[in-house]
Amino acid sequence: MVPIPLPDMPDDPDSPEHVLVLGGTTEARRLAEALAAEIPAGGRRPLRVTSSLAGRVARPVLPPGEVRVGGFGGTEGLAAWLREHRVDALIDATHPFAGTISFHAARAAASAHVPLLALRRPGWVAGPADDWHPAGSLEEAAALLPSLGGRVFLTTGRMGLAAFAELNELWFLMRSVDAPEPPYPARMEVLLDRGPFTLAGERELIRRYGIEVLVTKDSGGAATAPKLAAAREAGIPVVVVRRPPVPEGVPVAATPAEALTWLSACLGRG
C-alpha cells in the first residue's frame, strides 16, 4: 500500500462530520455501508454520509444513508454544494472512466478547501496467454476491430456506441445494464444484464454467438473479469481501452478499507 497523504483538518466541534461519496460503483456502495454502520462513541460527533449517483442507470442499487441523484452543475456547483452542506471530506468513488466528474471534484475540493480522496479499484493485468490490444479511446478501439474479427462482444457500456456505428461490416453483441440509444452499429444484438458474471456464463456467450473479439474498458474488479478468462480460454483477442488518469495531486486508495483508513485519520477518528 502506497502511503496516502492526509490533509490538515481543523477541529470544529460545532459542525457535523459530513462525508460526501461520489459513487455508483461497488466500491462506493461498500464504503457507504461501512460508514453507515459507524456508531459514535467516546465523544465522537455523529457521522453523516451522503452518496451521490449520476443517475445514468435506470434502477441503481442504492447504498445506505442519504442519497442524491443527478449532477451538481459542474465545478462551481459542486464547490457550492460542499460549502452549503458543510462537507468535511469528499471521496471520489466513481467509475474509473467517469473522468469529467473526477476533474470537477478535484477543482471543487480545492476551491472549497475540502480534503479529497480518489477510490479506484486496480486495473486488470494481462497474463502470458492473453492477446490484448490496448487502445487510448473508444475510437481507437473501433479502428482496431476490422483486423481482429468480424463478430464482436462489446462490453464498454451503452455510452459511446457512436464510435462503432460506422463499422457496418462487423456484427456486435452489446451488453449493458440499460438499453442503448442511437447512434450505434446497424448489425447489433443487445443483451441487457448486470454483473457479476460467471466464467461459465461468459464461456457460453462466446460459444453461442461465435464471438471472435472482445472489447472492454479497463474497469478492473472481479465482477466483470470472467469475460477476460473466457476470452483467454477461447484464444480470442481482447481490445482493452485504457482508463483516464486520476487528476494530478489527488491521493488514491485501492480499496474501501484503505479509504476508511484515510478518512478515519482525516476526521480524527483514530
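The values are calculated or read from the model by the stated rules, or taken from the named source; none is laboratory data. Note that the structure is a prediction, hence the values are computed from the model and not measured. Neighbour counts run over all protein chains shown; Cβ positions are idealised from the backbone, glycine included.
The rows are residues; the columns are (1) under 15 Å from the mean Cα position of the chain (by Cα); (2) in a helix (DSSP H, G or I); (3) at pLDDT below 90.
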site	(1), (2), (3)
14	no, no, yes
29	yes, yes, no
43	no, no, yes
86	no, no, no
91	yes, no, no
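Okay, residues lined up against (1) closer than 19 Å to residue 141 by Cβ; (2) buried (at least 18 other Cβ atoms within 10 Å of the Cβ):
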residue	(1), (2)
174	yes, yes
177	no, no
186	yes, no
198	no, no
204	no, no
220	yes, yes
225	yes, yes
242	yes, no
249	no, no
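Which condition from (1) touching a residue at least 24 places away in the same chain (Cβ under 8 Å); (2) farther than 16 Å from residue 218 by Cα; (3) in a loop (DSSP other than H, G, I, E, B) is the one that residue 180 breaks?
Against the list (1) touching a residue at least 24 places away in the same chain (Cβ under 8 Å); (2) farther than 16 Å from residue 218 by Cα; (3) in a loop (DSSP other than H, G, I, E, B), residue 180 comes up short only on (1).
Which residues, taken from segment 181-216, are charged (D, E, K, R) and closer than 15 Å to residue 145 by Cβ?
Passing the criteria: 187, 212.
With the requirement that a residue be loosely packed, with under 15 Cβ neighbours inside 10 Å and part of a strand (DSSP E or B), what does segment 129-168 give you?
Once the filter is applied, which keeps residues that are loosely packed, with under 15 Cβ neighbours inside 10 Å and part of a strand (DSSP E or B), segment 129-168 yields only 134.
State all residues of segment 129-139 that are farther than 11 Å from residue 215 by Cα and not hydroxyl-bearing (Ser, Thr, Tyr); if no residue qualifies, say none.
Pass one, segment 129-139, residues farther than 11 Å from residue 215 by Cα: 129-131, 136-137, 139.
Result: 129, 130, 131, 136, 139.
Collect the residues in segment 93-114 that are part of a helix (DSSP H, G or I), among the β-branched types (Val, Ile, Thr) and in contact with a strand residue (DSSP E or B) (Cβ under 8 Å, 6 or more places away or on another chain), keeping them in residue-number order.
Initially, segment 93-114 is screened for residues part of a helix (DSSP H, G or I), giving 99-112.
From what's left, among the β-branched types (Val, Ile, Thr): 100-101.
Across segment 93-114, the qualifying residue is only 101.
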